[in-house]
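Let me begin by presenting the structure, written as structure tokens, before commenting on it.
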Amino acid sequence: MKLTIIGTGYVGLVTGACFAEVGHQVVCVDNDVSKVELLRSGGIPIYEPGLEELVRKNTADGRLRFTSSTAEGVEKSEVVFIAVATPPQDDGSVDLSFIEKVAREIAAALTNYKIVVDKSTVPVKTGEKVAETIKRYCKARVDFDVVSNPEFLREGFAVEDLMKPDRIVIGVRSQRPVPAMKNVYAPFNAPIIVTDINSAELIKHASNSFLALKISYINAISVLCEATGANVQEVAHGMGMDERIGRRFLNASLGFGGSCFPKDLSAFVKIAEQEGCDFALLKEVQKINASQMDRFVKKIVDTLWVLKDKTIGVLGLAFKQNTDDIRMSPAIELCQRLQKEGAILRVHDPKAMEKASAVLKNVIFVKDMNELADGCDALVVATEWEEFKKLDLERARQALSHPILFDGRNLFDPAEMERLGFIYKSIGR
Ligand code: UGA
């Protein structure tokens with residue numbers, strides 16, 4: 001099929017590349033001309049495992065193209081996906097100005113029937129507004145359909161998630177766009193749920209909020225575990241064996257971050273408020289998340305007492321593993337909190353150091369994770385990168401002035417750390 005994706009961020013670019021990979025003809029549109037140039041020349045603006053190869057291959061095969069013209073994209077396709085940013089505003093609500101602008105641009109370019117699909121995460125009832133806007137700004141009387149098709153990919157696993165989705169959600173006002181939408185997704189062999197637009201939009205916010213709730217739940221349990229000497233990983237394992245609960249997203253941590261969960265929780269609370277409901281449960285999820293960071297910082301301060309002029313090595317800057325994304329990263333917040341206490345920071349991340357250098361000032365970026373401990377008083381794990389598990393602990397113990405390691409992601413085994421001679425403090429164990 002001929003498809004256009006507007007917006008080449010994490011969702012748009014990965015979607016475009018994967019659609020091309022399964023055989024569709026895809027045009028990716030971005031109003032950032034330099035980004036389009038970069039993509040045309042084979043460059044990738046983000047780090048995402050497997051993405052660069054996919055983009056290169058499909059561009060070379062002529063199935064994936066890039067342009068900065070929305071009109072060109074709209075004209076060339078049967079289905080137009082909107083995948084632009086929906087950033088948070090100060091009051092927690094969502095800034096929908098990019099969606100509105102794209103809706104106007106699509107309207108101006110419509111000459112025949114198109115399916116306009118919203119893939120960005122948006123508040124319930126946005127589809128109605130998009131349809132109204134297109135109708136208002138379209139000069140000719142052209143038929144179109146608006147569809148809601150939320151995306152569930154995780155950063156760091158985006159290609160994998162997109163190629164093998166658990167489900168495809170399609171929200172529609174009429175049955176007319178359904179066969180085409182099913183054709184788009186036919187190569188992915190995933191269950192397709194066809195529902196109304198408002199329900200589809202709610203599925204996305206409800207899913208992300210539930211996953212965030214799951215993390216806050218296990219984080220609350222981790223506090224109890226610390227108080228009672230229990231082990232949160234054993235508890236999560238025991239709970240997760242129940243198929244109704246499941247083990248995934250039950251990893252206690254210094255808190256969740258990223259460009260989705262914190263933003264989507266605030267948005268969902270706000271949406272509920274606007275509909276006259278107090279979503280107190282989600283406010284508690286936010287509170288627990290903030291307190292995990294407070295508790296972790298306190299653990300460090302309680303152990304090292306005065307942080308002023310102490311050197312701390314921080315492993316991880318990205319908000320999670322396998323990405324260079326530092327938006328709302330708990331690791332960055334942790335660094336800033338430690339700096340406020342007067343600590344000197346040496347930091348390492350396999351992929352996010354360049355992006356972090358724009359926001360973290362007066363820190364020493366260390367290329368080799370095994371050299372991070374040199375001259376440090378303590379080490380801190382802030383991101384769950386798999387490769388941190390291969391840290392040369394023997395070398396680190398010798399390099400540290402005192403063998404202290406704070407693990408905000410429970411990457412290491414407490415018994416093994418004790419055997420190696422570390423003072424080891426993790427979450428809920
Ligand atoms: C999340 C959802 O998982 C995706 O399904 C959704 O499509 C995406 O938001 C989105 O709305 O675009 P993402 O933010 O990329 O994906 O990353 P996650 O893997 O969900 O992790 C989010 C945060 O929770 C990270 O900081 C991670 O370290 C933390 N986390 C995750 C935990 O602290 N514990 C866990 O058990 C799992």
- [ ] Give the relative contact order (percent, whole number) for the stretch 138-183; include only Cα pairs under 8 Å separated by 6+ residues.
- [x] 41
Open item on the list: As I understand it, the value is the acute angle between the Cα axis of helix 197-228 and the longest principal axis of the Cα atoms of the chain; what does it come to in degrees, rounded to 10?
Closed with: 10
- [ ] Could you work out how far apart the two model spin labels at residue 113 and residue 306 are, taking each label as a point 7 Å from the Cα in the direction of the beta carbon, and quote it in nm?
- [x] 7.6
- [ ] Mind computing the radius of gyration and Dmax over the alpha-carbon atoms of the chain? Å is fine for both.
- [x] 23.4, 75
Open item on the list: Using 0.36 nm times the number of residues separating residue 192 and residue 227, minus their current alpha carbon distance, what extension gain do you get?
Closed with: 8.1 nm
Task: D (Stokes-Einstein, µm²/s), Kirkwood Cα radius, the stretch 237-350, 0.692 mPa s at 37 °C - done: 203
Task: For the chain: accessible area per residue (Å², 1.4 Å) - done: 45
Task: Largest-first principal axis extents of the Cα set of the stretch 26-111 (Å) - done: 42, 35, 21
- [ ] Considering only 83, 415, 356, give the residue with the highest GNM mean-square fluctuation for the chain, with springs between Cα atoms whenever their separation is below 10 Å.
- [x] 415
Task: Inter-part distance where the stretch 1-57 and the stretch 85-101 are each reduced to a Cα centre, Å - done: 23
Task: Residue-averaged 222 nm ellipticity for the chain, from DSSP H runs of 4+ at -39500 (n - 2.57), nearest 500 - done: -13000 deg cm²/dmol
Open item on the list: For a quick check, take a GNM of the chain with Cα springs below 10 Å and name the residue from 122, 380, 359 with the largest mean-square fluctuation.
Closed with: 359
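Kindly flag which residue pairs out of 57/101; 310/367; 35/76 have an alpha-carbon separation exceeding 25 Å in this structure.
Details: 57/101 32 Å; 310/367 21 Å; 35/76 21 Å.
In this structure, 57/101 exceed 25 Å between Cα atoms.
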TODO: Return the carbon/sulfur percentage of the accessible area of the chain, one whole number, probe 1.4 Å, all protein chains in place.
DONE: 52
Task: Potential extension, residue 247-residue 371 segment - 0.36 nm per residue separation minus Cα distance - done: 41.2 nm
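The values are calculated or read from the model by the stated rules, or taken from the named source; none is laboratory data. It should be emphasised that the depicted structure is a prediction, and the values quoted were computed from it without experimental measurement. Cβ coordinates were reconstructed from backbone atoms using ideal geometry, including for glycine residues, and neighbour counts include every protein chain displayed. The area values use the complete protein model at the heavy-atom level, side chains included, leaving out ligands, DNA and RNA. Shrake-Rupley method; radii C 1.70, N 1.55, O 1.52, S 1.80 Å.
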